[in-house]
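Peer 1: Dumping the structure here so I can ask a few things about it.
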Amino acid sequence: MKKYTYTDKKDTRSGFGDAITQLGNTKENVVALTADVTGSVKMGDFAKQHPDRFFNVGIQEANMIGMAAGFTLENKIPFAATFAEFISGRVYDQIRQVVAYSEKNVKICASHAGLTVGEDGATHQALEDLGMMKMLPGMVVINPCDYNQTKAATLAIADYQGPVYLRFGRPKVPNFTPENQKFEIGKAVVLNEGIDVSIFATGHLVWPAIEAAERLEAEGVSVDLINIHTIKPLDKTAVLNSAKKTGAVVSCEEHNRLGGLGESIAGLLAAEHPTPQAFVAVNDVFGESGTGDELMRKYGLDADGIYKAAKKVLTQK
Amino acid sequence: MIMSDKNIEEYPSQIRRDIVRMVHDVQSGHPGGSLGTVEFFTALFFELLDINPEKFTVNSTGEDTFILSNGHITPVYYSTLARRGYFDIKELATFRRLGTRLQGHPSVHDGLPGIRIASGSLGQGLSVALGVAQGKKLNNDPHLVYTLHGDGELQEGQIWEAVLYAGAKGVDNLIATVDYNNAQIDGTVDDVLSLGNLQAKFEAFNWQVVNINNGNNLQEVIDGLKHAKSLTGKGRPVAVLLHTKMGYGIDFMQGDYRWHGKPLNDEQLAKALAQLPKTLGDY
């Protein structure tokens with residue numbers, strides 16, 4: 001198997017923050033909005049360098065989404081950022097009406113997603129956001145895996161015309177994808193080619209999936225490992241080709257099993273190429289307080305959980 | 001007056017004919033608030049707004065922008081847009097029909113000229129207007145942003161987020177009008193959930209307030225909106241309390257909240273049309 005290494009761990013939110021700072025200097029029509037969490041979503045440099053284009057609305061997420069939609073009428077590209085929990089479910093109707101249905105070029109930037117927000121507990125752990133967002137017609141949903149990829153994704157969505165939900169997180173995770181990579185919306189990234197089992201991972205689960213694949217390969221299991229950074233539009237060709245090749249599938253995500261990447265893959269395969277599938281996801285429960293690592297382990301969202309899921313699905317072929 | 005070939009006073013009666021005919025034809029829609037705001041729409045679109053219907057684009061740079069926040073009053077909105085030249089008045093006959101661009105509530109998705117944002121789920125238009133207004137400031141565009149809200153709509157919390165923001169940040173290129181008719185679906189606003197002293201509330205949030213005491217008198221509405229316009233650019237947003245009567249212009253509908261979302265039957269339509277001169281010709 002191809003060897004993946006990293007020199008440092010970095011948080012994906014900093015990838016977003018460094019990209020938004022860069023966009024502030026390269027695109028005059030980019031405006032940045034946040035709701036009293038400037039530092040947490042790494043918008044501090046943008047705010048300092050472009051105070052006229054930075055809007056801290058206070059603790060007003062609904063107003064922020066409406067304002068973002070309004071800015072597009074004046075040819076601006078608004079990037080609105082706060083915690084994933086508060087920029088998805090809390091403002092779902094606003095996103096539905098004035099962003100998605102109104103076809104506005106708003107970038108919804110969701111930080112601190114998933115269990116890895118950690119000690120704050122379930123109130124702050126968005127595990128349903130990917131499902132809600134992928135159900136909105138026309139919404140692009142992106143969940144990159146590390147700092148470099150989040151930075152590349154942020155730059156890429158500025159050049160895409162239309163609503164986007166970009167999800168990233170708080171913890172420092174291995175930064176292993178290429179610096180200055182080209183990010184193609186909707187195009188899955190093949191990390192390893194194999195013939196026995198397909199592992200589709202997104203976001204923070206991609207690195208643990210690499211670790212699980214290394215263990216499986218060491219045991220002689222050939223793994224087709226694919227990073228699905230774009231939940232919607234799903235790269236159907238990549239999923240189908242892999243499933244046809246291996247005949248067994250594992251999906252991995254820091255999200256509720258209901259409504260997540262796994263369901264998107266299952267829905268595609270059920271219609272086009274029925275395939276046994278194991279789901280590495282949170283199984284329809286809320287999270288809780290703890291460190292990010294502790295929580296990922298407890299809920300089985302780690303290399304060991306992915307390894308076991310692969311072993312299980314291999315018996316179903 | 002912008003429309004030089006027609007007298008502005010001819011519009012209200014014709015728009016009211018359009019409203020009752022549209023709603024009767026499809027047996028669906030919201031005539032009450034539509035009838036009550038005819039003078040506002042006439043004043044705004046035929047006197048106040050600097051707009052280019054022939055060159056409409058979904059973005060609003062370089063012209064005044066109107067955001068309808070209480071999206072259910074599409075009959076008056078669509079009639080006014082058509083009569084102002086955004087699309088052919090014949091298309092009013094498709095209102096709420098399968099395949100129409102004239103959706104039950106305003107839609108961008110269907111490409112109707114004049115519509116720049118969807119509304120219908122209440123309480124969101126003022127936030128959108130704040131984005132437009134601040135965008136105009138970034139663009140050094142002196143044009144203004146106008147909104148319309150129902151008074152019942154002010155029960156939505158998001159409205160007060162936006163009111164707080166606009167006052168605190170001094171968004172002064174914005175005129176928000178409230179259709180102050182004291183009527184909503186379930187009864188009077190006072191009975192359902194009173195707004196209390198609305199003027200004092202706006203003023204406490206650092207807004208300037210203009211009252212238009214007879215919002216169904218065209219000249220009074222024009223004068224009131226022009227006064228509101230004169231208050232822009234002074235560091236504070238402007239609220240207009242437009243005192244209207246729901247169902248205005250038709251004797252058996254006027255002042256009755258039950259006409260919020262109820263269509264007229266054949267007999268009622270005939271009675272209504274008999275009270276409304278055909279000033280410009282029906283669609």
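The values are calculated or read from the model by the stated rules, or taken from the named source; none is laboratory data. The structure displayed is predicted, hence computed values, not measured ones. Reconstructed Cβ throughout: ideal geometry from the backbone, glycine too, with neighbour counts over all protein chains shown.
Peer 1: Name the one entry in A:Lys9, A:Lys2 that is surrounded by fewer than 18 Cβ atoms within 10 Å (Cβ to Cβ), among the charged types (D, E, K, R), over 22 Å from B:Gln134 (Cα atoms) and in contact with a Leu (Cβ under 8 Å, 6 or more places away or on another chain).
Peer 2: Values: A:Lys9 fails: in contact with a Leu (Cβ under 8 Å, 6 or more places away or on another chain).
That would be A:Lys2, the only listed residue that is surrounded by fewer than 18 Cβ atoms within 10 Å (Cβ to Cβ), among the charged types (D, E, K, R), over 22 Å from B:Gln134 (Cα atoms) and in contact with a Leu (Cβ under 8 Å, 6 or more places away or on another chain).
Peer 1: Look at B:Leu130 and say whether it is modelled with pLDDT of 95 or more, out of contact with any strand residue (DSSP E or B) (no Cβ under 6 Å at 6 or more places or on another chain) and facing another protein chain (nearest Cβ under 7 Å).
Peer 2: Values: modelled with pLDDT of 95 or more: yes; out of contact with any strand residue (DSSP E or B) (no Cβ under 6 Å at 6 or more places or on another chain): yes; facing another protein chain (nearest Cβ under 7 Å): yes.
When the stated conditions are applied, B:Leu130 passes them.
Peer 1: OK, next. State all residues of region B:227-266 that are of a type in the set (Gly, Ala, Ser), more than 19 Å from the chain's Cα centre (by Cα) and not in a loop (DSSP other than H, G, I, E, B); if no residue qualifies, say none. Before you say what the answer is, go through the steps one by one.
Peer 2: Let us first name the residues in region B:227-266 that are of a type in the set (Gly, Ala, Ser), namely B:228, B:230, B:233, B:235, B:239, B:247, B:249, B:255, B:261.
In the following step, the residues that additionally are more than 19 Å from the chain's Cα centre (by Cα) were identified as B:230, B:233, B:235.
Hit for region B:227-266 is B:Ser230, nothing else.
Peer 1: I need every pair where a residue in region A:48-65 that is over 18 Å from B:Lys137 (Cα atoms) has its Cβ under 8 Å from the Cβ of a residue that is assigned to a strand (DSSP E or B) and modelled with pLDDT of 95 or more, sequence separation at least 6 or different chains.
Peer 2: That search, which allows pairs on different chains as well, returns A:Glu61/A:Thr82; A:Ile65/A:Ala80; A:Ile65/A:Ile108.
Peer 1: Based on this model, can you work out whether A:Leu73 counts as more than 8 Å from chain B (Cβ to nearest Cβ) and more than 21 Å from A:Thr38 (Cα to Cα)? Reasoning before the result, please.
Peer 2: Numbers: more than 8 Å from chain B (Cβ to nearest Cβ): no; more than 21 Å from A:Thr38 (Cα to Cα): yes.
The answer is no for A:Leu73.
Peer 1: With the requirement that a residue be at the interface with chain A (Cβ under 7 Å from one of its Cβ atoms), touching a residue at least 40 places away in the same chain (Cβ under 8 Å) and part of a helix (DSSP H, G or I), what does region B:114-127 give you?
Peer 2: None; the set is empty.
Peer 1: Search region A:132-149 for residues being under 11 Å from the mean Cα position of the chain (by Cα) and outside any strand (DSSP E or B), and hand back the single one that is surrounded by the most Cβ atoms within 10 Å (Cβ to Cβ).
Peer 2: Residue satisfying both the conditions and the ranking: A:Asn143.
Peer 1: What are the pairs, 6+ residues apart or on separate chains, where a residue within region B:262-283 that is on the phi < 0 side of the Ramachandran plot and aliphatic (A, V, I, L, M) has its Cβ under 7 Å from a residue that is crowded, with 18+ Cβ neighbours inside 10 Å and part of a loop (DSSP other than H, G, I, E, B)?
Peer 2: B:Ala272/B:Ile250; B:Ala272/B:Leu264; B:Leu276/B:Gly249
Peer 1: Would you check which residues across region A:15-28 are surrounded by fewer than 18 Cβ atoms within 10 Å (Cβ to Cβ) and either in contact with a strand residue (DSSP E or B) (Cβ under 9 Å, 6 or more places away or on another chain) or closer than 24 Å to B:Lys137 by Cβ (or both) and list them?
Peer 2: Across region A:15-28, the qualifying residues are A:Asn25, A:Thr26, A:Lys27, A:Glu28.
Peer 1: Any residue in region B:100-112 that is β-branched (Val, Ile, Thr), assigned to a loop (DSSP other than H, G, I, E, B), more than 12 Å from chain A (Cβ to nearest Cβ) and crowded, with 16+ Cβ neighbours inside 10 Å? Spell out the reasoning first.
Peer 2: Just the residues of region B:100-112 that are β-branched (Val, Ile, Thr), to begin with: B:100, B:108.
Applying the additional criterion that residues be assigned to a loop (DSSP other than H, G, I, E, B) yields B:100, B:108.
Narrowing further to those that are more than 12 Å from chain A (Cβ to nearest Cβ): B:100.
Going one step further and asking which of them are crowded, with 16+ Cβ neighbours inside 10 Å, we end up with B:100.
Scanning region B:100-112 turns up at least one residue that is β-branched (Val, Ile, Thr), assigned to a loop (DSSP other than H, G, I, E, B), more than 12 Å from chain A (Cβ to nearest Cβ) and crowded, with 16+ Cβ neighbours inside 10 Å.
Peer 1: Being more than 8 Å from chain A (Cβ to nearest Cβ) and basic (Lys, Arg) is the filter here, so list the residues in region B:133-169 that pass it.
Peer 2: Scanning region B:133-169 gives B:Lys137, B:Lys169.
Peer 1: For region A:274-300, what are the residues that are exposed (fewer than 14 other Cβ atoms within 10 Å of the Cβ), in contact with a Leu (Cβ under 9 Å, 6 or more places away or on another chain) and of a type in the set (Asp, Glu)?
Peer 2: A:Asp284 - this is the single residue of region A:274-300 that is exposed (fewer than 14 other Cβ atoms within 10 Å of the Cβ), in contact with a Leu (Cβ under 9 Å, 6 or more places away or on another chain) and of a type in the set (Asp, Glu).
Peer 1: So if I check each of A:Ala271, A:Ala310, A:Ala303, which one is at pLDDT 95 or above and crowded, with 22+ Cβ neighbours inside 10 Å?
Peer 2: Testing whether each residue is at pLDDT 95 or above and crowded, with 22+ Cβ neighbours inside 10 Å leaves just A:Ala310.
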